[in-house]
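The structure appears below as structure tokens.
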Amino acid sequence: MDRNTSTRGSAQATRIARSITNSQLLISAALLAFAVVVFAVQASAFQEPLFFGSLLIVFVLTGVALTVNWNRRSKRWAVLLPILDIFAIVGMREAEPELGAGLFLVLPVIWMARNFRLAGAIGAVTLSTALLWLAGAADSGVFSFDFGTHVLLPMTLVFIATTTYATSRRSQSQRDLLRQQSALVESALVRARDQERILDEVINAVEFGVLAFDRDGAATLRNNAHEHSLREFGAPRSAVIHPTIYRPDGTTVFDEADRPYARALAGEEFENAVFWVGAPGDVRAAYSATARQISRADGEPDGGVVVVRDITTELEAIRARENLAASVSHELRTPLTSIIGFLELAVDSPELTDETRRMLEIAARNSERMLSLVTDLLQTASDKDGTLTLAMAECDIAEIARQSIDSAQIAAGHREITMTAVVDRPAVTVADPLRIRQVIDNLLTNAVKYNRTGGTITVSVEATEGSIRVDVTDTGVGVSADDQAHLFDRFFRAGAARTSAIVGTGLGLNISRDIAKLHGGKLTVRSEVGVGSTFTLLIPATAKDTA
Ligand code: ADP
């Protein structure tokens with residue numbers, strides 16, 4: 001038997017004992033009051049042994065009820081109490097019929113009907129009626145019929161027994177229902193507590209910080225990882241978040257309202273909001289915060305959760321790669337420029353054979369390519385802090401595209417790729433012509449590099465009211481949907497490019513997109529694997545002067 005069952009068992013025993021003693025006490029209290037009244041109006045009744053004896057029996061029974069240790073097993077013996085009460089009451093009525101003590105039969109009948117079910121109800125009424133009738137006959141040997149005692153009183157008892165029995169059955173089933181429901185609620189509560197405990201353990205085991213808040217903005221949860229980060233950077237015990245954090249540049253302090261946590265409290269959802277903790281020059285860490293709002297089942301907002309990931313190592317790795325790229329490309333540029341210069345001089349030398357000249361020209365072409373790759377690398381490395389600047393001037397994008405197509409013609413010809421230009425009208429705007437040329441050159445180089453032999457490339461320039469649009473469409477390998485999401489990331493090369501022999505750094509599109517953005521425009525892609533790609537450069541018809 002587990003603890004719950006035994007607790008329930010002892011509670012039940014107490015209930016049984018209380019019910020038995022209460023019922024008996026009620027009868028004795030009623031009869032005591034009756035005895036006091038009788039003593040006042042007809043004290044002679046007490047000289048009648050049957051009357052006095054019967055009264056005494058009731059009080060003795062009360063004593064028994066109070067002393068016996070009632071439990072579930074002895075409960076059925078308790079039925080003797082109301083039965084003997086019935087005998088005593090009929091005895092009192094018999095001793096002094098005119099005092100109407102028979103009415104007190106109602107009390108044991110109610111008791112039996114309530115506590116001993118149908119058998120109790122029937123038994124109490126039958127016993128009372130039988131005793132009343134027997135007493136009527138025992139008086140003088142001749143049955144003296146009294147309508148009130150022999151008919152009306154039994155009928156009243158039947159009515160009372162029936163009503164009591166029905167009522168107690170109803171309340172019993174209500175009690176059962178309540179008990180079942182409370183058992184259900186109890187087990188649901190146990191389950192909910194278990195789940196809460198598991199969730200707690202999981203949340204505390206993970207490496208990223210988690211902090212949740214309720215609809216009023218009060219912090220409801222913060223896990224060990226977040227707590228650890230707060231302590232590590234000396235936040236006061238009461239702090240929910242780091243008191244001071246820095247923007248991604250590492251030096252500007254975040255305004256209160258712009259802090260990721262404040263934005264989440266204001267109902268915003270975001271991903272990868274980067275911030276630094278720890279003053280510049282001190283030990284510090286970079287974090288990336290993601291916020292989600294939580295809604296109740298009825299759609300009402302119910303707070304939110306912010307997850308914070310330590311990205312210090314990641315940022316350091318990126319910085320190290322950029323520094324390496326910058327220094328390597330810088331070191332390579334000077335010797336390469338010199339190689340190209342000497343190769344050009346050598347090609348011009350008259351005493352060369354045709355064969356040697358052809359070989360020197362190939363070497364020069366490849367050195368040029370290498371220089372352009374190195375230039376891309378260097379530019380990305382120096383642009384990492386956003387220093388790319390534009391030299392704005394009025395220019396015709398259609399003309400720039402035409403020149404770019406002309407210079408890509410040779411490379412396209414080598415691979416039998418047909419280039420078509422749909423460039424009719426001038427598309428004049430204020431932009432940086434060199435940078436726009438750089439973007440279109442990059443798109444065309446890619447369209448050739450990632451095309452199939454014998455494929456086509458279509459370049460169209462369209463000037464509409466508010467913007468100028470350049471589309472470069474090829475019939476090449478295409479880019480999968482997954483890869484498209486990263487195409488403009490630094491150093492990213494799609495699966496097909498990585499596994500093929502096509503040379504590249506994964507920097508051209510990243511630089512091109514930055515140039516488009518600086519012009520207030522954008523660079524987008526639509527592509528299907530095996531069918532081809534369309535890169536679209538969109539810039540405002542009159543770009544803002546950001547130079
Ligand atoms: P690179 O060409 O030097 O690798 P880019 O930044 O210009 O770098 O391009 C990044 C990647 O995007 C390429 O490696 C290639 O996988 C993919 N890509 C770019 N242009 C095309 C294109 N026209 N068709 C298919 N894939 C392309």
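Points worth noting:
- When the chain is described by a simple charge dipole with +1 on each Lys and Arg Cβ and -1 on each Asp and Glu Cβ, the residue from T534, L134, A235 located farthest towards its positive end is L134.
- For the range 225-329, applying the loop criterion from DSSP together with a ceiling of 13 other beta carbons within 10 Å to the trypsin sites (Lys or Arg not before Pro) yields R237, R296.
- Acute angle (nearest 10 degrees) that the helix 117-138 long axis makes with the longest principal axis of the chain, alpha-carbon atoms: 10
- Angle between the chain longest axis and helix 397-414 axis [Cα atoms, degrees, rounded to 10]: 80
- Average accessible area per residue (Å²) across the chain - probe 1.4 Å, nucleic acids and ligands excluded: 56
- Per atom type, the range 391-547 shows carbon and sulfur on 54% of its accessible surface, probed at 1.4 Å.
- Think of the chain as having a plus end and a minus end, set by charges on the Cβ of Lys, Arg, Asp and Glu; of F52, F488, T420, F52 sits farthest toward the positive end of this dipole.
- You can think of it this way: the chain between D482 and V206 has 96.6 nm of extra reach, that is 0.36 nm per residue less the Cα-Cα gap.
- DSSP-loop trypsin sites (Lys or Arg not before Pro) across the range 33-94, with at most 12 other Cβ within 10 angstrom: R72, R73
- Total charge dipole magnitude, the chain, about the Cα centre, Cβ charges on Lys, Arg, Asp, Glu only, Debye to nearest 20: 2860
- Point-charge dipole on Cβ atoms (K/R +1, D/E -1) for the range 328-428, about Cα centre, debye to 20: 240
- Listed by chain and number, the aspartates and glutamates whose alpha-carbon sits under 17 Å from that of K522, ignoring those within fewer than 8 places in the same chain, are D432, D441, E462, E465, D471, D489, D514, D545.
- Percent antiparallel among DSSP beta bridges (both partners in the chain, rounded to 5): 90
- Surface share of carbon and sulfur [accessible, 1.4 angstrom probe, percent] for the range 209-310: 51
- A Cβ-based charge dipole, computed about the Cα centre of the range 210-295 with Lys and Arg at +1 and Asp and Glu at -1, lands at about 220 debye.
- Given the chain, longest segment not containing exposed loop GluC sites (Glu not before Pro) (DSSP; at most 12 other Cβ within 10 Å): 1-206
- Of all accessible heavy-atom area on the range 316-387, the percent that carbon and sulfur account for (1.4 Å): 62
The values are calculated or read from the model by the stated rules, or taken from the named source; none is laboratory data. Keep in mind that this is a model prediction, so the values were computed, not measured. Because the Cβ atoms are built from the backbone with ideal geometry, glycine has one as well, and the counts that use them run over all protein chains shown. SASA here: full protein model, heavy atoms, side chains in, ligands and nucleic acids out. Shrake-Rupley method; radii C 1.70, N 1.55, O 1.52, S 1.80 Å.
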